[in-house]
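Let me begin by presenting the structure, written as structure tokens, before commenting on it.
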Amino acid sequence: MITFHPSSKESTVKLAKTSLVAILLAGALNASAQDKINVMKAGGNLLSLLYGEDGDHRYGGVSVALEHQLNNKTTLVFGANFNAKEETAGNIKSTKRFTVLTFEPELRWYPKAATDGFYLGIAPSVLIQKNKITNPIIIVTDNQTHLGAGIKLGYQFLLTSALMLQFGTGAGLVFPNSETDGSLQVNLNALTGYQF
């Protein structure tokens, strides 16, 4: 089990904001280049296949991203993920619904060439979480926003001259705040993309 103990809430927030600004600035400085590769991607969270769906549990997720080449071996990926989990239990049919919307700018390095082959990335993130408990008597909602950061690795390859496929995984820390403790998050995804 990995435990994260920051020195203070203010220092972790400052670190996350500085990382986010640095990655966005790197992309902005290079965004005007017309001869660079761009890839639009869509896919989903493969962990939802492990959870499956039965009468009382449902889990699913979707991801979209735009990847922009910065130089011969690095890219900037602007990604967003939506994941939802729902459980129904008890004779009174109480429902728990947990949704997370994540925004992740990722700085990605490819040893071979940008957008081709194995990659390693770093990504600060902003997570917007909503918890909702519903039963015939009461509805309880709780909204939270978290900052996080993580590393990602995976493999991306061309299927045709313009279509590509990406398999990736990652692990990251969601920094603690006044509402929750820090936690470790893991993902596994597959995306297909169009290169232009």
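The values are calculated or read from the model by the stated rules, or taken from the named source; none is laboratory data. Keep in mind it's a predicted model, so treat the numbers as computed, not measured. Note: ideal-geometry Cβ built from the backbone for every residue, glycine included; neighbour counts use all protein chains shown.
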Filter pass, residue 86 being under 22 Å from the mean Cα position of the chain (by Cα) and at pLDDT 85 or above: no
Within the range 55-83, tally of residues that are at pLDDT below 80 and more than 19 Å from the chain's Cα centre (by Cα): 4
Residue check, residue 145 exposed (fewer than 15 other Cβ atoms within 10 Å of the Cβ) and either without any contact (Cβ under 8 Å) to a residue 12 or more places away in the chain or among the basic types (Lys, Arg) (or both): no
Hey, residue 65 small (Gly, Ala, Ser), part of a strand (DSSP E or B) and either closer than 20 Å to residue 196 by Cβ or in contact (Cβ under 8 Å) with a residue 40 or more places away in the chain (or both) or not: yes
